[in-house]
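> Take this structure, written in structure tokens, and hold onto it; I'll ask about it next.
The values are calculated or read from the model by the stated rules, or taken from the named source; none is laboratory data. Model, not experiment: these values are computed from the prediction. Using ideal geometry, Cβ is built from the backbone for each residue, glycine included, and neighbour counts are taken over all protein chains shown. Only protein heavy atoms, including side chains, enter the accessible area calculation; ligands, DNA and RNA are left aside. Shrake-Rupley method; radii C 1.70, N 1.55, O 1.52, S 1.80 Å.
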Amino acid sequence: MTQRREFLKQAGLLSAISLMNPGLLLAAPSSLKVGLQLYTLRDYIGKDPKGVLAKVAKAGYQEVETYGYSKDKGFWGLSAKELKSALTANGLTTSAGHYGLDDFISGASQDSLKADIEAAKACGQTYVVVPSMDSKSLTKVDDLKRVAGKLNEAGRMCKAAGLKLAYHNHNFEFKPVDGTMLYDVLLKETDLALVDFEMDIYWVVRAGQDPLKLIAQHPKRFTMWHVKDMEKADPEHNTEIGAGTIDFKKIFQQASTSGVKHIFMEQEYFAMDAYKSITQSAAYIKKSLLS
């Protein structure tokens, strides 16, 4: 009885708080780190990876998402262990990386995925992320289901290695194929225990979809976000977070429903100095979306 009274007391308190400030209980978790997808700095990182990482930390980021790994060249000339050391030296970590799984998805070979898993573990990542795929080969529903099956298979390999698999979207996933969409098939046909999703919010909006609706329909599936804003003058361009047309405040209020654990700012177009731009975005995320 005492426990029930305490529960009702707490419930009443929460209701009162929600009436006074409806957004308070929906705030994004303050434990989220401000991350950067390093593809944002693709014009610089290949020339001086260690120098770029130092500037990323100075700009206000706490973790990064990698891209472009190859077994021969590593991460921009750094081995996985060297990358981890460079990150540590700058107070950074990496929780995820984009790895090309085209060979695996096509059924050609498992070797590249095995190498990617080794690299991800060596630099301390949790997620192996599928960044994209060849959409030209997706012409019928069976093709979409085959891809979902391959993602489940890749997810099992990652799980066996102590990692997780995630899928990152663009906008082609929302184009109809035989009356359905690849994204719907992936969300339905992939195993929740094996495949997570990294929602690229910009591309969802660019495809004419609603991120809030997707989150509500598929709670806890979107464990990572790409936080990328849409320029007001030209929707095909990105801009600094908070300066565009996407209402990130509303989206971040649904962080708990989404199940998001990692957020990565990404920008592919700059109208100002790139380092000034990423610093501005990091400051907005910290002050306006996570505080």
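> Between Ala243 and Asp72, with labels modelled 7 Å along Cα→Cβ, what's the label distance in nm to one decimal, could you check?
3.8
> Okay, next question. What are the ³J(HN,Hα) couplings of segment 100-112, residue after residue, when phi is run through the Karplus curve with 6.51, -1.76, 1.60 and θ = phi - 60°? Round to Hz, x for glycine and proline.
Working through the residues one at a time gives x, 10, 4, 4, 5, 5, 6, x, 6, 6, 9, 4, 5 Hz.
> Could you work out how far apart the two model spin labels at Asp143 and Lys81 are, taking each label as a point 7 Å from the Cα in the direction of the beta carbon, and quote it in nm?
4.3
> Follow-up. For segment 50-57, what does the Karplus curve 6.51 cos²θ - 1.76 cosθ + 1.60, with θ = phi - 60°, yield as ³J(HN,Hα) per residue in whole Hz, taken in order and with x for Gly and Pro?
5, x, 5, 4, 5, 6, 5, 5
> Once the piece of chain linking Ser288 and Asp234 is laid out straight, how much longer is it, given 0.36 nm per residue of separation minus the C-alpha distance between them? If you can, show how the numbers build up before the last one.
Values: separation 54, 0.36 × 54 = 19.44 nm, distance 2.39 nm.
Additional length available on full extension: 17.1 nm.
> Return the distance in nm (one decimal) between the two label points of a simple spin-label model at Glu189 and Gln217, each offset 7 Å from Cα along Cα→Cβ.
Once both label points are built, they end up 1.7 nm from each other.
> Give me the tail of P(r) for segment 182-223 as a percent: Cα-Cα pairs with distance above 12 Å. Working shown, then result.
Working: 527 of 861 pairs.
Summing the P(r) tail past 12 Å for segment 182-223 gives 61 percent.
> Over all pairs of distinct alpha carbons, what does the Kirkwood formula give as the hydrodynamic radius of segment 241-291, in Å?
That comes to 12.0 Å for segment 241-291.
> Quote to one decimal, in nm, the extra length available between Ala54 and Lys121 on full extension: 0.36 nm per residue of separation minus the C-alpha distance between them.
Values: separation 67, 0.36 × 67 = 24.12 nm, distance 2.23 nm.
The Ala54-Lys121 span can extend by a further 21.9 nm.
> I've got another one for you. Which value at 222 nm does the chain reach when only helices count, each DSSP H run of 4 or more adding -39,500 (n - 2.57), with the total divided by all residues and rounded to the nearest 500 deg cm²/dmol? Display every interim value, and only then the final one.
Details: 13 runs with 121 residues, N = 291.
Dividing the helical sum by the residues of the chain leaves -12000 deg cm²/dmol.
> Work out how much length Ser106 to Thr88 would gain on full extension: take 0.36 nm times their residue separation and subtract the Cα-Cα distance, in nm to one decimal. Provide the component values of the computation, followed by the final result.
Details: separation 18, 0.36 × 18 = 6.48 nm, distance 3.60 nm.
Stretched out fully, the Ser106 to Thr88 stretch lengthens by 2.9 nm.
> What dipole magnitude, in Debye to the nearest 20, does the chain give about its Cα centre under +1 on Lys/Arg Cβ and -1 on Asp/Glu Cβ? The partial results should precede the final answer.
Details: 37 positive and 34 negative charges, 232 e Å.
It comes to approximately 1120 debye.
> Taking only protein heavy atoms and a 1.4 Å probe, what accessible area per residue, in Å², does the chain have with all protein chains in place? Please list the in-between numbers first.
Working: 13990 Å² over 291 residues.
Solvent-accessible surface per residue comes out at 48 Å².
> Next question, about the same structure. Compute the distance from the alpha-carbon center of segment 100-149 to that of segment 193-240, in whole Å.
If we compute the Cα centre of each part, the gap is 20 Å.
> Using modelled backbone amide H atoms (1.01 Å from N, in-plane), which distant-in-sequence or interchain residues come within less than 5 Å of Ser79's amide H?
For Ser79, no residues qualify.
> Please report, in whole Å, how far the alpha carbons of the chain spread along each principal axis, starting with the longest.
The Cα atoms of the chain stretch 62, 46, 46 Å along the principal axes, largest first.
> Also, quick follow-up: Kindly flag which residue pairs out of Lys55/Lys121; Lys84/Lys249; Lys33/Lys159; Lys71/Lys228; Lys50/Lys261; Lys50/Lys81 have an alpha-carbon separation exceeding 21 Å in this structure. Mind dumping the intermediate values first?
Working: Lys55/Lys121 25 Å; Lys84/Lys249 32 Å; Lys33/Lys159 24 Å; Lys71/Lys228 29 Å; Lys50/Lys261 26 Å; Lys50/Lys81 13 Å.
Flagged as over cut-off: Lys55/Lys121; Lys84/Lys249; Lys33/Lys159; Lys71/Lys228; Lys50/Lys261.
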